[in-house]
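Below: one structure, written as structure tokens.
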Amino acid sequence: MYPHAHFITGFLFGVIGWRFGIINAVDMFIIAAGAVLIDIDHYIYYIIRHKDLNPKRFWNKSAEYGITKEENERTFIHHLPGMTIIIPLLFILLFFSLRIGYIAITIYIPHMILDHLNYINKRLSEYHVVDIFGLKFLWNFAQESLFFILTAISMVLLYSAL
Ligand SMILES: [Zn+2]
């Protein structure tokens, strides 16, 4: 899934947490940013494997993997073995701090769900390559529809919470 989808999903859970008084307003943005930043493992993996720091080449290489429907270059945090270790640990965090636990859980779990939905979607539907200033994006109707639905829900919730 693309950064904008991860950002808005994190933000949505941030708004919900803020609405219920679990986290503060700044935490909403921490969750949204965190949901994007945990993809840093793709970049680190890319740097190590290809010995290349260029973020543009990294981005386009990731898009290429998407086109060929190959599995992305991911580390254990994106795979089932990593998840089975990380998810229980995140829930244990809740016993120490509801706020920190909520932030960690809503950064990680929705991100993994979205990535795996995207992976299934890639096998089922067509993606079109869009070039924006030399950066390749894979455009897909289902993916972008989900993004707009999540954006609309978070805006309504945010508005009702203000
Ligand atoms: Zn990811």
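The values are calculated or read from the model by the stated rules, or taken from the named source; none is laboratory data. What you see is a predicted model, and the numbers here were worked out from it, not measured in a lab. Positions of Cβ are backbone-derived with ideal geometry, glycine not excepted, and every protein chain shown enters the neighbour counts.
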Scanning the stretch 36-60 for residues that are in contact with a strand residue (DSSP E or B) (Cβ under 9 Å, 6 or more places away or on another chain) and more than 20 Å from ILE77 (Cα to Cα), which turns out surrounded by the most Cβ atoms within 10 Å (Cβ to Cβ)? ASN60
Filter pass, ILE86 being within 14 Å of the ligand (Cβ to nearest atom), farther than 27 Å from PHE133 by Cα, modelled with pLDDT of 95 or more and not in a loop (DSSP other than H, G, I, E, B): yes
Pair list, Cβ < 9 Å and 6+ apart or interchain, from the stretch 39-51 residues that are basic (Lys, Arg) to residues that are assigned to a loop (DSSP other than H, G, I, E, B): ARG49/GLU73
What residue, of VAL156, VAL130, is in contact with a Phe, Trp or Tyr (Cβ under 6 Å, 6 or more places away or on another chain) and either in a helix (DSSP H, G or I) or free of Cβ contacts under 8 Å to residues at least 12 places away in the same chain (or both)? VAL130
Somewhere in the stretch 45-59, is a residue within 12 Å of the ligand (Cβ to nearest atom) and either of a type in the set (S, T, N, Q) or modelled with pLDDT under 90 (or both)? yes
Being surrounded by 13 or more Cβ atoms within 10 Å (Cβ to Cβ) and hydroxyl-bearing (Ser, Thr, Tyr), is that true of even one residue in the stretch 75-87? yes
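Return the total of residues in the stretch 1-34 being touching a Ser or Thr at 6+ places or on another chain (Cβ under 6 Å) and either small (Gly, Ala, Ser) or farther than 14 Å from TYR108 by Cβ (or both).
Selection size over the stretch 1-34: 4.
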May I ask you to list the residues in the stretch 2-35 that are surrounded by fewer than 21 Cβ atoms within 10 Å (Cβ to Cβ), among the aliphatic types (A, V, I, L, M) and not in a helix (DSSP H, G or I)? ILE22
Among the residues listed as PHE95, PHE91, PHE137, PHE147, the single one being within 16 Å of the ligand (Cβ to nearest atom), under 24 Å from PHE11 (Cα atoms) and at pLDDT 90 or above: PHE147
